[in-house]
1. How high is the FRET efficiency from residue 206 to residue 370, r the C-beta distance, R0 30 Å, rounded to 0.05?
2. Could you pull the accessible area for residue 134 with a 1.4 Å probe, rounded to 10 Å²?
3. Go through 43-55, 199-211, 360-372 and give me the packing order, highest mean Cβ count within 10 Å leading.
4. Explain nothing, just the number: dipole magnitude of segment 237-290 about its Cα centre with +1 on each Lys and Arg Cβ and -1 on each Asp and Glu Cβ, in debye rounded to the nearest 20.
5. With +1 on the Cβ of every Lys and Arg and -1 on the Cβ of every Asp and Glu, and nothing else charged, how large is the dipole of segment 56-109 about its Cα centre, in debye rounded to the nearest 20?
6. Quote the relative contact order of segment 79-180 in percent (integer), defining contacts as alpha-carbon pairs under 8 Å separated by 6+ residues.
7. In percent, how large is the relative contact order of segment 192-269, given Cα pairs closer than 8 Å and 6 or more residues apart?
8. Starting from the 7 Å offset along Cα-to-Cβ, what nm value, one decimal, do you get for the label separation of residue 35 and residue 22?
Amino acid sequence: ASGGKAAEATVVLTPIESLLGRPGIRTLLGIIVQVEEGRYYLEDLTAQIPLDLSQCQVLSAGYITENCIMLLEGEFIDGIFHATKIGHPPSEPRWTSIVESVGYSKSDVFEAIPSESELNKLLREEERHGAEGMFVILSDVHLDNPQVMAKLEKLFDGYTTQHSANVSSRLPIFVFMGNFTSKPFTANDGVQQVTSVFDDLADLISKFRVLAEEAKFIFLPGPNDLPMGNVLPRGPIPRIFTGSLRSKVRHLAFASNPCRIRFFTKEIVLFRQSTVNKLAKYCILPPLQGSSSANDDDDDVGMSAFTQNSTTNKTSSIATNDRVQHAIKTLLDQGHLSPLPLTSQPIYWQYDHALRLFPLPDAVILADSAGVDPFCRSYLDCTAVNPGSFPIDFSFVVFYPVRMSSRPSDMDYDGDNPKVKDYTSAIEFSQVD
């Protein structure tokens, strides 16, 4: 358990191989696996053991799925570990991990911040040049949809006009996330279809000279885009389909899915995948319901570290049965973008590090399926955002990464829990009329 009194307690973890001949209540840390159909085991670095979860009390919010690393309390009887309590391992804010655990150089995958002195230099640059930097993020940019193309033209025209009125203003970084076609393409006409829609986008952007020459564009493939397959991480869109776009637009980046961006000192993870509903589907125990209590000795931090932020709705008291809250807490507590059974979501093991979320990033853009409404939540000072599906109502997100506070000195705490923070200046949900 974590939070409140539990955070100050010392918990002794018992290796699974040491359980034999040691009666009594024990606390284990391991990954939940399904060795045989319908039978779950707990596995650590020493051994694996059958689990009985029938009388198990869930202590922490979040979904519990196969391949999750969990804390369990219970007793080993007749070759089976009878769990009485289960919860996600406690996570920690980004800067706590960096300062106290991994260090500056190992935490920066870009190898640009080797020391605190270099970080301070970058912070000064961030203060001078980064405050107005913004990302315009769209998901499900169906380039074969005439309405989407018309709205994109209006969007480009708006930012071009705004820049023309103030030439000293900085153009946004446009992030386009798939799927880039409204229907999965077929083997017969797929190559021609994908090439055609990216050619159309190239022609559209080239109408706005300032965008074609100065703006930056990032493209992430969606689940139905090339390269084909259901394995994560997904490679970038192949060059064969984007030749015209590369020739007409100067600053382009075709990224993998997921991908990471460092904007001055901020680390941002972009991920396009149907996450919320899939976690709920493969949950093996009902998630914690009702509000959590910081004064309850047996309770996890639950949702007390959450804040919700949008331009119309700000609250620090959100029901724990919210599936979005559970999904975000699962990903961030697990430190991984896909804590799911490999049968439902295969992973390239040599690239599994691309899915890891430790230390927590400053922000994670979780572009989900069309059935999940846009959201913006903050958990342990990591901001999670779903921009929504652009073709539904032509909504998108404008994100100002430097206006977020992620340094410990910028955080206020109420006991062990972060206070509600207003991120409305950092996140704006917008819509093309």
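The values are calculated or read from the model by the stated rules, or taken from the named source; none is laboratory data. Model, not experiment: these values are computed from the prediction. Neighbour counts are summed over all protein chains in view; Cβ atoms, including those assigned to glycine, are modelled from backbone coordinates with ideal geometry. Areas reflect the complete protein model, heavy atoms only, side chains present, ligands, DNA and RNA absent. Shrake-Rupley method; radii C 1.70, N 1.55, O 1.52, S 1.80 Å.
1. 0.55
2. Residue 134 has an accessible surface of roughly 20 Å² with all protein chains in place.
3. 360-372, 199-211, 43-55
4. It comes to approximately 280 debye.
5. 200
6. Reported relative contact order: 27 percent.
7. 35
8. So the two model labels end up 1.8 nm from each other.
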